[in-house]
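What follows is a single structure, written as structure tokens, with notes after it.
Taken together, the values in this text are just the output of simple stated rules run on the coordinates, not laboratory data. The structure displayed is predicted, hence computed values, not measured ones. Every residue, glycine as well, gets a Cβ built from its backbone with ideal geometry; the counts of neighbours run over all protein chains shown.
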Amino acid sequence: MNSPRPFIVGVDGPAGAGKSTTCRRLAARLGFAMVDTGAIYRTVALAAQRGGIAFDDDVRLGALLPALQIGFEPPPPGAEGAGQRVRLGDEDVSQAIRTPPMSLGASAVSARPVVRAGLLELQRRLATAPGNRGAVLEGRDIGTVVFPDADAKFFLTASDEVRARRRFLELQTKGDPQPFEAVLADQRKRDRDDSSRDVAPLRAATDAVILDTGALSLDEVVERLAAEVESRLARRG
């Protein structure tokens, strides 16, 4: 008799809505694995940039994907708040992929059908790996494409100004200060690109729970998502 599929939680939304931190906290609270699909696309963009491959070169992107070894691992001891580490082969690229150019690069490569098709199976495999009680997946199209049959779907959002302010402060803490106006412009461009692409555009699934995080604390967001997941887990038995 086959064991049931892990409980799948899909969390979608635009950049800066608080998905990454929320999903890390939610996965830790539930004892679930976390799959950061945004980090996967950022890593593809980084590998393409290093290989001199244009983000719209479908032929070379398609040839690049099979050789990429992308994975996640827990943070080192004493750095639990730092979140998962992202590896490209043997290299820790956690910091290298978290730059404004890689944000835009991720948006660009994720619009390519060849990239989305090539990474779809990887995302599903990471989420349903043996030993996973459940998995929290963060992205733009989890509830609509990757796992349209997810057990719980959420769509986090906030105004573009709120989301850009969060990114602005994050860059400052990383020693990479940029004018707020530039961060907001990048934010709006990425929103346009993600929402208007032909393949898997950013949108809320029809059965997703939509939550505006603009006026909520991180604890409040995590609590609301956890309460909903725990209720569904109880019903599932």
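Residues whose amide H lies under 5 Å from that of ALA15, counting only those 5 or more places away or on a different chain, are absent; hydrogens are built 1.01 Å from N in the peptide plane.
For the stretch 8-230, the dipole from Cβ point charges (+1 on Lys and Arg, -1 on Asp and Glu) about the Cα centre works out to 280 debye, to the nearest 20.
Rounded to whole numbers, the Karplus 3J(HN,Hα) couplings from phi for the stretch 219-227 are 4, 5, 5, 4, 4, 5, 5, 4, 4 Hz, using 6.51 cos²θ - 1.76 cosθ + 1.60 with θ = phi - 60°, and x at Gly and Pro. Peptide packing for 60-69, 127-136 was compared via the average number of neighbouring C-beta atoms within 10 Å per residue; ordered from the highest value, the list is 127-136, 60-69.
Neighbour counts of C-beta atoms inside 10 Å place PHE7, PHE154, PHE147 in the sequence PHE7, PHE147, PHE154, starting with the fewest. Listed by chain and number, the lysines whose alpha-carbon sits under 16 Å from that of LYS153, ignoring those within fewer than 8 places in the same chain, are LYS19. Between the residues LEU119, VAL44, VAL221, the greatest Cα displacement towards the positive end of the dipole of the chain, with unit charges on the Cβ of Lys, Arg, Asp and Glu, is found for LEU119. Coupling constants for the stretch 42-58 follow from the phi torsions by the Karplus curve (6.51 cos²θ - 1.76 cosθ + 1.60, θ = phi - 60°), and in residue order they are 4, 5, 4, 4, 4, 5, 5, 4, 5, x, x, 9, 5, 5, 10, 8, 4 Hz; glycine and proline get x. What is the calculated FRET efficiency for LEU169 to ARG192, with r their C-beta to C-beta distance and R₀ = 25 Å, to the nearest 0.05? It comes out at approximately 0.65.
Across every pair of non-identical alpha carbons in the stretch 79-155, the mean reciprocal distance, once inverted, gives a Kirkwood radius of 14.4 Å. Across the stretch 201-210, coupling constants 3J(HN,Hα) worked out from phi with the 6.51/-1.76/1.60 Karplus curve, θ = phi - 60°, read x, 5, 6, 7, 4, 4, 9, 7, 7, 9 Hz, and Gly and Pro carry x.
Taking amide H positions as modeled 1.01 Å from N, with prolines and chain starts lacking one, the residues under 5 Å from VAL209 and 5 or more places away or on another chain are LYS153, PHE154, PHE155.
Applying 1/(1 + (r/R0)^6) with R0 = 45 Å to the Cβ-Cβ distance of THR99 and GLU230 gives a FRET efficiency near 0.80.
Here the chain is treated as a Stokes sphere of Kirkwood radius computed over C-alpha pairs; at 4 °C and 1.567 mPa s its diffusion coefficient rounds to 71 µm²/s. Projecting the Cα atoms of ALA182, PHE32, THR99 onto the charge dipole of the chain (Cβ charges, centred on the Cα centre) puts PHE32 farthest toward the positive pole. Give me, ordered by chain and number, the residues 5 or more places off PHE7 or on other chains with an amide H under 5 Å from its own placed amide H. The list, which skips near neighbours in sequence, is GLY134, ALA135.
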